[in-house]
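Report on the following structure.
The values are calculated or read from the model by the stated rules, or taken from the named source; none is laboratory data. Just so we're clear, the structure is a prediction, and the values are computed from it rather than from any experiment. Cβ placement follows ideal geometry from the backbone for every residue including glycine, while neighbour counts extend to all protein chains displayed.
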Amino acid sequence: MKRINFYYSTKLTFDDYVHNHSFALRVIPPENPTQKLLSCSLNIDPYVSTQQTSDAFGNNVTAGYIKGDHRFLDFEIKGIANVDNTQYRTDFMPCYLYQSQYTAPDDDLKAFYSEIRGGCTGTVTERAAYLCDVLSDKIEYGKGFTDTSTTAAQAFALRKGVCQDFSHILISLLRMDGIAARYIAGLAFCDGETHSWVEYWTGDHWEGIDPANNCSINDDYLVISQGRDFRDCAVDRGVMFGKYTNQMQLVRSVLS
C-alpha cells in the first residue's frame with residue numbers, strides 16, 4: 001500500500017463570453033477496494049453550487065450551472081489517498097466485452113489481430129501481456145498526431161499516438177480475443193497530465209496494464225474514472241451558449 005498526495009487542475013478559456021453553461025465533471029477519484037480517499041477537495045471558479053452524483057460506470061460526477069456571462073471555467077482537486085493494488089476489484093459489467101465507439105476495429109486492425117492471434121495463448125493475464133508487448137512494438141508514442149476524437153482504428157493507421165490511443169487499441173485487441181476490457185482515466189507518476197490505461201477481466205477480478213509504458217499497474221496509479229472508452233471517462237462535458245468558436249485547455253497534475 002502507498003499513500004499518495006494528488007493534485008489536478010484544468011483551465012478552460014473561451015475566445016468569447018458564454019452563458020447558460022451546464023457542465024459535468026468527472027474529477028473526484030472513486031473509492032473502491034484498491035484506493036481509499038483520506039481527503040479530497042474540489043474548487044471551481046467561477047464559484048457555483050454543485051450537485052454530486054454517480055454515473056452507470058460508478059464514476060463520481062459533479063454537475064453545475066453558470067447562468068451569467070463568463071470566459072473561463074477553472075477547476076482543481078487535491079487530496080490524499082491510500083492505493084493498494086494487491087486488492088481486487090470485481091465490478092464486472094457485460095458491456096466491457098463489446099466494442100464501443102472508440103475501440104471498434106476496421107479491416108486493418110482486424111487483419112493485424114488475425115496475424116498475431118496465434119501467439120495469444122495461456123492465461124488471460126498472459127494473453128493480455130502478449131497483446132501489450134506486440135502493440136508496444138507496433139505503435140510509436142508521439143504527441144501532436146492524434147486528439148481526443150481519434151479512434152483506435154485511426155491511431156493504428158498512423159502507427160503513432162499517446163496513452164489514450166494505446167489504451168483504445170489494446171482494448172480493441174483484447175475484446176477481439178474475447179477478453180472484457182475497460183478504459184481507465186487517472187493520474188500516474190509518469191505523466192504531468194491525466195493518464196490512461198487498461199483493466200482486463202481475468203475471470204474473477206480486474207487487473208491493470210499500461211500499454212503506453214508496457215507495464216503492469218502498481219500503486220503509482222490513481223483511478224479517476226472508468227468506462228468503455230474515453231467518451232465515458234471525459235473529465236469535463238458541457239453545454240453553453242455564446243459566440244465562442246474555440247476553447248483553450250491547460251491541464252496540470254501532480255502525484256507525490
In the stretch 1-27, residues that are in contact with an Asp or Glu (Cβ under 6 Å, 6 or more places away or on another chain), under 20 Å from L38 (Cβ atoms) and among the aliphatic types (A, V, I, L, M) total 1
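For the stretch 148-156, indicate whether the set of residues that are free of Cβ contacts under 8 Å to residues at least 60 places away in the same chain, surrounded by fewer than 15 Cβ atoms within 10 Å (Cβ to Cβ) and either over 20 Å from I209 (Cβ atoms) or touching a helix residue (DSSP H, G or I) at 6+ places or on another chain (Cβ under 6 Å) (or both) is non-empty. Let's see the steps before the verdict.
Initially, the stretch 148-156 is screened for residues free of Cβ contacts under 8 Å to residues at least 60 places away in the same chain, giving 149-156.
Adding the requirement that they be surrounded by fewer than 15 Cβ atoms within 10 Å (Cβ to Cβ) leaves 149.
With the extra rule that they be either over 20 Å from I209 (Cβ atoms) or touching a helix residue (DSSP H, G or I) at 6+ places or on another chain (Cβ under 6 Å) (or both), the set shrinks to 149.
There is at least one residue in the stretch 148-156 that is free of Cβ contacts under 8 Å to residues at least 60 places away in the same chain, surrounded by fewer than 15 Cβ atoms within 10 Å (Cβ to Cβ) and either over 20 Å from I209 (Cβ atoms) or touching a helix residue (DSSP H, G or I) at 6+ places or on another chain (Cβ under 6 Å) (or both).
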Return only the number of the condition from (1) among the small types (G, A, S); (2) free of Cβ contacts under 8 Å to residues at least 24 places away in the same chain; (3) touching a helix residue (DSSP H, G or I) at 6+ places or on another chain (Cβ under 7 Å); (4) in a loop (DSSP other than H, G, I, E, B) that G203 does not satisfy. (2)
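If you check G68 against the conditions, is it part of a strand (DSSP E or B) and touching a residue at least 40 places away in the same chain (Cβ under 8 Å)?
Working: part of a strand (DSSP E or B): no; touching a residue at least 40 places away in the same chain (Cβ under 8 Å): yes.
Criteria not met by G68.
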Assuming S196 fulfils every condition listed in (1) under 20 Å from I28 (Cβ atoms); (2) in a loop (DSSP other than H, G, I, E, B); (3) not aliphatic (A, V, I, L, M) apart from one, which condition is it? (2)
Output the number of the condition that D229 fails; it satisfies all remaining conditions of (1) modelled with pLDDT of 95 or more; (2) outside the structural domain of Y102 (by TED's automatic domain parsing). (2)
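Could you please find all residues in the stretch 1-57 being among the aliphatic types (A, V, I, L, M), assigned to a strand (DSSP E or B) and closer than 12 Å to F75 by Cα? Outline the logic, then answer.
Of the residues in the stretch 1-57, the ones among the aliphatic types (A, V, I, L, M) are 1, 4, 12, 18, 24-25, 27-28, 37-38, 42, 44, 48, 56.
Right, trim to assigned to a strand (DSSP E or B) and you get 4, 12, 18, 24-25, 37-38, 42, 44.
Passing the criteria: L12, A24, L25, L42, I44.
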